[in-house]
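Undergrad: Pasting in a structure now, in structure tokens, and then I'll have a few things to ask.
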Amino acid sequence: MYKLFFRTFFRRMDAERAHHLAIAWIACAAHVPVLRTFLAAYLAPRSRALRTEALGLRMNGPFGLAAGFDKNATLIDGMAMLGFDHVETGTVTAQPQPGNPRTRLFRLVPDRALINRMGFNNEGSAAVADRLARRTARGPVFRTVVGVNIGKTKAVSEADAVADYVTSAERLAPHADYLVVNVSSPNTPGLRNLQATEQLRPLLTAVREAADRTVTGRRVPLLVKIAPDLADEDVDAVADLALDLGLDGIIATNTTIAREGGTGGALASDPAVVAEVGGLSGAPLKQRSLQVLRRLYQRVGDRIVLVGVGGVEDAEDVWQRILAGATLVQGYSAFVYRGPLWCRSVHKGLADRLAAGPYATVAEAVGADTRKAAA
């Protein structure tokens, strides 16, 4: 049903306009009590076997929404209604910014992929913090884990990047179940330079200190999100740094600047669209993101939480990332192509895999294939 709707309606519409229309529909449904209760009951069935604990937080399952879809924390209850087990909002910058000029979001339908050069368009950390505070004060419609992803304001120089991140951390940490430092988007000039360990160390240290002095009574988990385009030795260096700093987790991976299909061949979409500047997400990213995840797990084991994202389309993709060492898995691009039944399908597929054995829970399965390969 959704595929027909996508082909006849959404596919003919500008991708960003379609995104905003979908956001409006989801937000509207989440504001109607009877409708949202019915939708949540159908779209978000819960299985006890999928219950997950990560970062000291309890979740209904391991599958969440990656940053980028809900940039301004307006859809947390709506996405929980659709079945996402956690929602990561952002990327949020210290200063509000419009992002890059349009057109800046492109569909690669034959490749089940997207290219975006949005440029961290968001309302700024002060506005997002206020919205999160108001949601807490009135009581959330759906209780779900909320992560907040922070990035560098485009107008801020690399030299002032640490202070920029600290401003966002101070504002947002009190309202976040976990905090993510994004240094891996290709759409903010110079941002990926911050992945170098000599720059990443003082940045993560400063954000950790900012969260600790701002939030009392609990420790806000801190993660870093890395690019799939890092060389293997740089992936290892980030893993070692995360362990050294006592980081809580690593998210692998962000979008890629590469333009290859999943098997390394050419993409099937229109070459003019493929050539657009920006980060590529979706199915072509599947293999590389899985490779990075496996490498990270071999380096850090169970000492920190790994979050797998990139090319996740169905329950099998989620399952492979769990076997590779991911405690949590996130998706975004496939939602464009799979629609509102996506989470329901993933949950059912995961529950079926657990029922078929040999694992009784998701926690038992984490890292199983990687440990077996290392033995």
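The values are calculated or read from the model by the stated rules, or taken from the named source; none is laboratory data. From a predicted model like this one, the values you see are computed outputs, not experimental measurements. Cβ sites come from the backbone with ideal geometry, for glycine too, and all protein chains shown count toward neighbours. These accessible areas exclude ligands, DNA and RNA; they are computed on the full protein's heavy atoms, side chains included. Shrake-Rupley method; radii C 1.70, N 1.55, O 1.52, S 1.80 Å.
Undergrad: With unit charges on the beta carbons (Lys and Arg positive, Asp and Glu negative) and the dipole taken about the Cα centre of the chain, which residue among V312, L350, A129 sits farthest to the positive side?
TA: Sorting the options by dipole projection puts first L350.
Undergrad: Right, next: Can you put L328, L230 in order of accessible area, largest first, using a 1.4 Å probe? Don't skip to the answer; put the middle values down first.
TA: Values: L328 0, L230 25 Å².
I get L230, L328, largest accessible area first.
Undergrad: Could you work out the relative contact order of the stretch 249-375? I mean the mean sequence separation of Cα pairs under 8 Å and 6+ apart, divided by the number of residues, in percent. Can you show the working numbers first?
TA: Working: 187 pairs, mean separation 31.2, N = 127.
25 percent.
Undergrad: Can you work out the Karplus-derived ³J(HN,Hα) for every residue in the stretch 122-127? Use 6.51 cos²θ - 1.76 cosθ + 1.60 with θ = phi - 60°, whole Hz, and x for glycine or proline.
TA: Residue by residue, the stretch 122-127 yields 6, 7, x, 5, 5, 5 Hz.
Undergrad: Calculate, in nm to one decimal, what R102 and E316 gain on full extension: separation in residues at 0.36 nm each, minus their alpha carbon distance.
TA: 73.6 nm
Undergrad: To continue, here is another question. Tell me which residues come under 5 Å, amide H to amide H, from N122 once H is placed; ignore anything under 5 positions away on its chain.
TA: HN-HN under 5 Å from N122: Q97, G99.
Undergrad: Right, something else. At a probe size of 1.4 Å, how large is the accessible area of Y297, to the nearest 10 Å²?
TA: That residue has around 10 Å² of solvent-accessible surface.
Undergrad: With each label point set 7 Å from Cα along the Cα-Cβ vector, what nm distance links D352 and E233?
TA: Label at D352, label at E233, 4.5 nm between them.
Undergrad: Under 10 Å, Cα contacts only: if you run a Gaussian network model on the chain, which one of A242, A155, A129 comes out with the highest mean-square fluctuation?
TA: Maximum among the listed residues: A155.
Undergrad: What percent does the relative contact order of the chain come to when contacts are Cα pairs within less than 8 Å and at least six residues apart? Present the calculation step by step, with values, prior to reporting the outcome.
TA: Working: 756 pairs, mean separation 66.7, N = 375.
Result for the chain is 18 percent.
Undergrad: Let me ask another. Considering only protein heavy atoms and a probe of 1.4 Å, how much of the accessible area of the stretch 253-342 is carbon and sulfur, as a whole percent?
TA: Working: 1720 of 3260 Å².
Ligands and nucleic acids excluded, carbon and sulfur give 53 percent.
Undergrad: Shifting gears a bit: To the nearest 10 square angstrom, how much accessible area does F142 have with a 1.4 angstrom probe?
TA: 40 Å²
Undergrad: Take the Cα atoms of the stretch 178-320, find their three principal axes, and give me the spread along each one in whole Å, biggest first.
TA: If we take the Cα atoms of the stretch 178-320, the spans are 52, 34, 27 Å.
Undergrad: If you place +1 on the Cβ of every Lys and Arg and -1 on the Cβ of every Asp and Glu, how big does the dipole about the Cα centre of the stretch 246-322 come out, in debye to the nearest 20?
TA: Numbers: 8 positive and 9 negative charges, 86 e Å.
With Lys and Arg at +1 and Asp and Glu at -1, about 420 debye.
Undergrad: Of T216, T197, T370, which has the most accessible area and how do the rest follow, probe 1.4 Å?
TA: Details: T216 120, T197 50, T370 10 Å².
So, going from the largest accessible area down, we get T216, T197, T370.
Undergrad: Please state the relative contact order of the stretch 133-247 as a whole percent: Cα pairs under 8 Å, 6+ residues apart? Walk me through the numbers on the way to the answer.
TA: Values: 127 pairs, mean separation 31.3, N = 115.
Relative contact order for the stretch 133-247 comes out at 27 percent.
Undergrad: What is the spin-label model distance, in nm, from E158 to A137 if the labels are put 7 Å beyond Cα along the C-beta direction?
TA: It is 4.1 nm.
Undergrad: Same structure again: Could you tell me the distance between the Cα centroids of the stretch 138-196 and the stretch 327-375, to the nearest Å?
TA: Cα centroid of the stretch 138-196 versus Cα centroid of the stretch 327-375: 27 Å apart.
Undergrad: Rounded to the nearest 0.05, what FRET efficiency is calculated for A24 and T197 with R0 set to 51 Å and r the Cβ-Cβ distance?
TA: On the way: r = 42 Å, r/R0 = 0.83.
It comes out at approximately 0.75.
Undergrad: Can you work out the accessible area per residue across the chain, with the rest of the protein chains kept in place, probe 1.4 Å, in square angstrom?
TA: Numbers: 15530 Å² over 375 residues.
Here the residues of the chain average 41 Å² of exposed surface.
Undergrad: Which whole-Hz ³J(HN,Hα) couplings does the stretch 61-66 yield from phi under the Karplus relation 6.51 cos²θ - 1.76 cosθ + 1.60, θ = phi - 60°, glycine and proline marked x?
TA: x, x, 9, x, 8, 6
Undergrad: Further question on the same structure: Give the lysines whose C-alpha is closer than 23 Å to that of K372, dropping any in the same chain fewer than 8 places away, or say none.
TA: K286
Undergrad: Further, regarding this structure: Computed FRET efficiency, Cβ-Cβ of R17 and I257, R0 25 Å: what is it to the nearest 0.05?
TA: Numbers: r = 25 Å, r/R0 = 1.01.
Computed FRET efficiency for R17 and I257 comes out at 0.50.
Undergrad: At 1.4 Å probe size, what's the solvent-accessible area of K71? Round to the nearest 10 Å².
TA: Accessible area, nearest 10 Å²: 40 Å².
Undergrad: Rg and Dmax of the chain over Cα atoms: what are they, in angstrom?
TA: Cα only, the chain: 19.2, 53 Å (Rg, Dmax).
Undergrad: Only bridges with both residues in the chain count here: give the DSSP antiparallel percent, nearest 5.
TA: Numbers: 13 of 42 bridges.
Within the chain, antiparallel bridges account for around 30 percent of the total.
Undergrad: How far is the Cα center of the stretch 288-325 from the Cα center of the stretch 197-221, in Å?
TA: 25 Å
Undergrad: How much of the accessible area of the stretch 11-90, in percent, comes from carbon and sulfur atoms when a 1.4 Å probe is used? Don't jump to the answer; show the numbers that get you there.
TA: Numbers: 2000 of 3480 Å².
Summing carbon and sulfur atoms, their accessible area is 58 percent of the total for the stretch 11-90.
Undergrad: Moving on. Would you rank R219, R303, R321 by solvent-accessible area, highest first, keeping every protein chain in place and using a 1.4 Å probe?
TA: Working: R219 120, R303 160, R321 5 Å².
Most to least solvent-accessible, the answer reads R303, R219, R321.
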